Amino acid sequence: MVAMLTKTMAAITSGSQSTISRLQNIEGELQKASLLEDFHTAKIRMSECLDVLRTEIVRHRSESAQQVSEIHSTVRSLRSKSLTPEEIARLDPLTKLPERAAAEAALAAVVKETIPAFAVAFVTDRLDLINARFGRAVGDAVLLFFSRHVRQELTEADRLFRWTGPAILAILQRSEPPASVREDMNHLFARRPTMNVTVEDRPVMLAVPAKWMVLAAHEIRPLPQLIKRIDAFVHGEEPAGQNSGWQQAGLQTRL
């Protein structure tokens, strides 16, 4: 009986290795048992082992149920984000870049096809402070200026999108490792871009504050997890210490 139970457990790949080993030990003791006391001891140990086995089965069922729930949640999320061709083709009125819907569709293709690509999220940092100090029109001008700056520094093959609020998303198809792509971004955007604006008939020079994050998009699944990481960074929730590609330029003004 114990031999059959052990073989059955061994055939289940998710079974506890410690449980299988204990059953094998009991099997060996029963084969050598000659006294009633030996059988009594083996019976006690087998009872303990079966308790562990029952716990293992319950744990396995719980983990399986959780995995199924996560899969269903991902499917529902993707269905709710089904995009029409019109939505994907729509351009942001300010930057004239494709909107977030198009970015999510492009990321979905990267994740599905496992295309070597990187998502680079750029954020014009402290844009709310610029809006408060100089007005919304200046803030819009800063975002437009920065989007053009990013476009100028990247290649024509790199795709740009308006993500959310002060964020621009770039999708880069690269065969290099993530560290090399981050180094390239550091090199391209190490210089702080400056722009001139006029506020109440006075010239103002702004050093545009910015930060960015590089993610290996083809390695992050499912798609909602990738989008969650990007949103977390845009909203300041992504820890800078976990992102070696994070950079920030300070805000400077000259009146």
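The values are calculated or read from the model by the stated rules, or taken from the named source; none is laboratory data. This one's a predicted model, so the numbers in the text were calculated from it and none came from an experiment. We place every Cβ from the backbone using ideal geometry, glycine too, and count neighbours over all the protein chains shown.
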In the stretch 117-131, is there at least one residue being in contact with a Gly (Cβ under 6 Å, 6 or more places away or on another chain), farther than 29 Å from PRO177 by Cβ and surrounded by 20 or more Cβ atoms within 10 Å (Cβ to Cβ)? yes
When PRO209 is run through (1) in contact with an Asp or Glu (Cβ under 6 Å, 6 or more places away or on another chain); (2) assigned to a helix (DSSP H, G or I), the failure sits at (2)
Specify which of the listed residues (ALA121, ALA102, ALA157) is out of contact with any helix residue (DSSP H, G or I) (no Cβ under 6 Å at 6 or more places or on another chain) and in the same structural domain as ALA232 (by TED's automatic domain parsing). ALA157
Complete set of residues in the stretch 107-127 that are touching a Pro at 6+ places or on another chain (Cβ under 8 Å) and among the charged types (D, E, K, R): ASP125, ARG126
Suppose we keep only residues that are small (Gly, Ala, Ser) and modelled with pLDDT of 85 or more within the stretch 186-228. Which one would you say is nearest to ALA137 (Cα to Cα)? ALA210
Counting only residues that are in contact (Cβ under 8 Å) with a residue 12 or more places away in the chain and closer than 23 Å to ALA216 by Cβ, give me the helices (runs of 4 or more DSSP H) lying completely in the stretch 85-177 with at least 1 of them. 100-113, 136-153
Of all residues in the stretch 233-246 being surrounded by fewer than 16 Cβ atoms within 10 Å (Cβ to Cβ) and either within 27 Å of PHE134 (Cα to Cα) or hydroxyl-bearing (Ser, Thr, Tyr) (or both), the one that is modelled with the highest pLDDT: HIS235
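Yes/no per residue for (1) within 25 Å of ALA117 (Cβ to Cβ); (2) in contact (Cβ under 8 Å) with a residue 60 or more places away in the chain:
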| site | (1), (2) |
| --- | --- |
| GLU183 | yes, no |
| ASN186 | yes, yes |
| VAL199 | no, yes |
| TRP212 | yes, yes |
| LEU215 | yes, yes |
| HIS218 | yes, yes |
| GLN225 | yes, no |
| LYS228 | yes, no |
